[in-house]
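I have placed the structure first, in the form of structure tokens, so that the comments after it can refer back to it.
The values are calculated or read from the model by the stated rules, or taken from the named source; none is laboratory data. Keep in mind that this is a model prediction, so the values were computed, not measured. Counting neighbours? That spans all protein chains shown, and the Cβs are built from the backbone with ideal geometry, glycine included. Areas reflect the complete protein model, heavy atoms only, side chains present, ligands, DNA and RNA absent. Shrake-Rupley method; radii C 1.70, N 1.55, O 1.52, S 1.80 Å.
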Amino acid sequence: MTGRPSLDHLAHLRRAVEVSRRARAAGNTPFGAVLVDAQGAIVLEQGNVEVTQRLCTGHAETTLVARACQEYGREALWACTLYTTCEPCAMCAGAIYWANIGRVVYALSEERLLALTGDDPQNPTLSLPCREVFARGQKAIEVLGPFPELEAEVVAVHDGFWRPAAPGAQAAATAGTRRVATTAKPATTPRATRPSETGSDQARPSTASRE
């Protein structure tokens, strides 16, 4: 995406990793995110809060986005970058889209996260890359990631946290999911296409809903 200043992606991602450590220490799942403005300053930090607040939408990114919308306008958010330890889930990607944040940078992919969490019921990871979510919308949100050079640092925060079920149970659950998928009826009515949104406050107003 043109017009964006060069930012220190690794430094900001490492800050998000530190936020994820604090989230785990507080009793939450080990995810963290930070919001960086156009000048490269960190303006918000947020860890996951879904456990301590008993909030199913309390992922780090979605919670950060909700705070950001209270403090900044849509044009300012379009110039911001959201850094997160792991690729945003479908819910978080949706929240990022509706908040009008223009760029997302993540360290660990959703696929790699699934290898860590398995079928732990605390984090039933969706196999839906955030790029696919954004591609179905009307905004050119930039996505950078994963960053293999940071994988070990992110994974270390998750060490010993997840408790997947027995391999046999996971295989059975996967098979069940596939059976449901093969019997689902495809949608027949396409969604109408609307004019593209530019990302500015003057565009059509639009906020909302890891694993």
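Worth a mention:
- Take the Cα of residue 55, step 7 Å toward its Cβ, do the same at residue 70, and the gap between the two points is 0.8 nm.
- Among the protein heavy atoms of the stretch 18-87, carbon and sulfur supply 50% of the accessible surface, probe 1.4 Å, non-protein parts ignored.
- For the stretch 21-60, the relative contact order works out to 36 percent when only alpha carbon pairs closer than 8 Å and six or more residues apart are counted.
- Using the Karplus relation 6.51 cos²θ - 1.76 cosθ + 1.60 with θ = phi - 60°, the per-residue 3J(HN,Hα) values for the stretch 30-35 come to x, 10, x, 9, 9, 10 Hz, with x marking Gly and Pro.
- Counting only protein heavy atoms and a 1.4 Å probe, the stretch 1-47 has 44 square angstrom of accessible area per residue.
- On a per residue basis, the stretch 49-95 carries 37 Å² of accessible surface, using protein heavy atoms and a 1.4 Å probe.
- In order through the stretch 50-60: 3J(HN,Hα) via Karplus (6.51 cos²θ - 1.76 cosθ + 1.60), integer Hz, x for Gly, Pro: 5, 7, 5, 9, 6, 10, 5, 9, x, 5, 4
- Using the Cβ-Cβ distance between residue 39 and residue 163 with R0 = 41 Å, the FRET efficiency computed as 1/(1 + (r/R0)^6) comes to roughly 0.45.
- Interchain or long-range residues, amide H under 5 Å from residue 144's placed H: 104, 105, 106
- Modelled spin-label separation between residue 115 and residue 11, with each label point placed 7 Å from Cα along the Cα-to-Cβ direction: 3.0 nm.
- For residue 72, residues with placed amide H under 5 Å, excluding near neighbours: none
- Inter-probe distance in nm under a simple model that places probes 7 Å from Cα toward Cβ, at residue 22 and residue 151: 2.8
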